[in-house]
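Remarks on the structure that follows.
The values are calculated or read from the model by the stated rules, or taken from the named source; none is laboratory data. Since we're looking at a predicted model, the values are computed, not measured. Every residue, glycine among them, receives a Cβ derived from its backbone with ideal geometry; neighbour counts consider all protein chains shown.
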Amino acid sequence: MKNFISVNDVANIDALVQKALFYKQQPLADIALGANKKIGLLFLNPSLRTRISTQLAAKNLGMEAIVFNVDKEGWALEFAVGAVMNGTTVEHVKDAAPVLGSYFDILCIRTFPSLQNRDEDYAETIIHQFMQYAGVPVVSLESATLHPLQSLADIITIKEDLVKRSSIVKPKIVLSWAPHIKPLPQCVANSFAQWVNAWGEADFVIAHPEGYALDDQFTGGASITNNQSEALQGADYVYVKNWSAYHDYGAMPAPHTDWMLTNTKLAQSNNAKVMHCLPVRRNVELSDDILDSENSLVTLQGGNRVWAAQAVIGEILRGA
Ligand code: CP
């Protein structure tokens with residue numbers, strides 16, 4: 001693996017999941033792999049899980065991890081080609097990225113979309129420029145359109161849980177849109193759809209209100225419905241997530257507060273386990289009664305972020 005930007009960088013999803021589960025059992029098995037190597041974690045946006053889990057993963061592989069909060073502590077970066085930099089930006093990515101590449105063996109970046117200009121966001125300008133100019137492998141810690149480390153952790157979590165549910169031959173997985181107070185990126189939903197489709201071991205349904213259709217380059221292969229109740233029937237896993245509109249880009253066509261998942265709604269499912277990437281707004285996106293129940297997998301998902309990151313960084317270190 002040279003970079004990790006999307007599921008398309010993964011040759012074998014099952015092998016990567018198995019590697020992650022191996023690291024969960026034996027975290028220090030490859031501690032010599034990253035000896036004397038450094039990984040840089042650049043954050044242009046806030047994070048709890050991604051930041052700490054990636055640091056822990058790197059440490060388990062013997063690497064030194066350095067976190068840099070570009071948004072708070074760095075020079076304001078410019079990404080526009082040919083920009084006349086007489087405004088607020090101070091340093092061009094063309095200049096910053098090669099320097100960072102000279103410091104680190106692997107460079108990891110988190111950046112969010114603007115939600116203002118769909119073409120720019122979906123071109124993934126920021127992460128692609130780091131890939132172009134850094135000269136070292138780049139790992140996405142969430143980009144404008146995708147969150148692959150989260151999705152890998154999500155598949156790991158489902159695989160791990162399925163071992164305890166031997167009666168399920170092919171799980172029904174539902175990605176269910178949730179209400180929110182402000183427009184959020186489509187990254188987690190796009191990425192989860194892309195990974196579940198590529199994994200190919202589930203009946204996959206996406207449920208959202210009208211106006212919230214995702215980009216079909218990621219959803220292809222899923223059944224799509226505007227009827228949440230119909231989607232929940234017989235579901236084994238329900239992944240709850242808000243996203244803003246893709247077509248009327250960044251808009252929130254209507255609040256749809258009735259789309260919040262509750263235990264009453266979940267009664268139609270096959271005792272479904274409920275997932276969310278966190279952070280979650282309780283009693284807006286998901287009810288307390290679900291989050292505090294045994295059906296919630298959110299803590300397991302967050303914990304599995306370490307093993308997902310470790311499996312990916314390990315592959316890059318091996319040049320596999
Ligand atoms: N799920 C996730 O990426 O969490 P953080 O934003 O806290 O990193």
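List of remarks:
- Matching residues in the range 49-96 - criterion: being within 25 Å of G302 (Cβ to Cβ) and not in a helix (DSSP H, G or I): L61, G62, M63, E64, A65, I66, V67, F68, N69
- In the set (1) aliphatic (A, V, I, L, M); (2) over 22 Å from L115 (Cα atoms); (3) in contact with a Ser or Thr (Cβ under 7 Å, 6 or more places away or on another chain), the condition left unmet by V240 is number (2).
- Of the listed requirements (1) part of a helix (DSSP H, G or I); (2) touching a Gly at 6+ places or on another chain (Cβ under 6 Å), S244 misses just one: (1).
- Of all the residues in the range 288-320, those that are of a type in the set (G, A, S), modelled with pLDDT of 95 or more, touching a Lys or Arg at 6+ places or on another chain (Cβ under 9 Å) and farther than 18 Å from P148 by Cα number 1.
- Any hit, the range 290-297, residues being among the polar types (S, T, N, Q) and within 16 Å of the ligand (Cβ to nearest atom): yes
- Residue in the range 62-81 that is β-branched (V, I, T), at pLDDT 95 or above and out of contact with any strand residue (DSSP E or B) (no Cβ under 9 Å at 6 or more places or on another chain) present: no
- So A11, is it in a loop (DSSP other than H, G, I, E, B), more than 15 Å from V312 (Cα to Cα) and more than 16 Å from the ligand (Cβ to nearest atom): no
Per-residue answers, yes or no, for (1) out of contact with any Cys (no Cβ under 6 Å at 6 or more places or on another chain); (2) assigned to a loop (DSSP other than H, G, I, E, B); (3) of a type in the set (V, I, T); (4) in the same structural domain as N45 (by TED's automatic domain parsing):
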{"position": "Y249", "(1), (2), (3), (4)": "yes, yes, no, no"}
{"position": "M252", "(1), (2), (3), (4)": "yes, yes, no, no"}
{"position": "P255", "(1), (2), (3), (4)": "yes, yes, no, no"}
{"position": "D258", "(1), (2), (3), (4)": "yes, no, no, no"}
{"position": "K265", "(1), (2), (3), (4)": "yes, no, no, no"}
{"position": "N270", "(1), (2), (3), (4)": "yes, yes, no, no"}
{"position": "C277", "(1), (2), (3), (4)": "yes, yes, no, no"}
{"position": "V284", "(1), (2), (3), (4)": "yes, yes, yes, no"}
{"position": "I290", "(1), (2), (3), (4)": "yes, no, yes, no"}
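- Filtered by the rule that a residue be free of Cβ contacts under 8 Å to residues at least 12 places away in the same chain and either within 6 Å of the ligand (Cβ to nearest atom) or among the charged types (D, E, K, R) (or both), the range 43-61 gives a lone residue, K59.
- Verdict on A272 being closer than 15 Å to V238 by Cα, surrounded by 22 or more Cβ atoms within 10 Å (Cβ to Cβ) and either of a type in the set (K, R) or more than 15 Å from the ligand (Cβ to nearest atom) (or both): yes
- Only a single item in (1) within 16 Å of the ligand (Cβ to nearest atom); (2) without any contact (Cβ under 8 Å) to a residue 40 or more places away in the chain; (3) under 24 Å from N197 (Cβ atoms) is not met by N69, and it is number (3).
- All positions within the range 144-175 that are away from the ligand (no atom under 16 Å from the Cβ), without any contact (Cβ under 8 Å) to a residue 60 or more places away in the chain and in a loop (DSSP other than H, G, I, E, B): V163, K164, S166, S167, V169, K170
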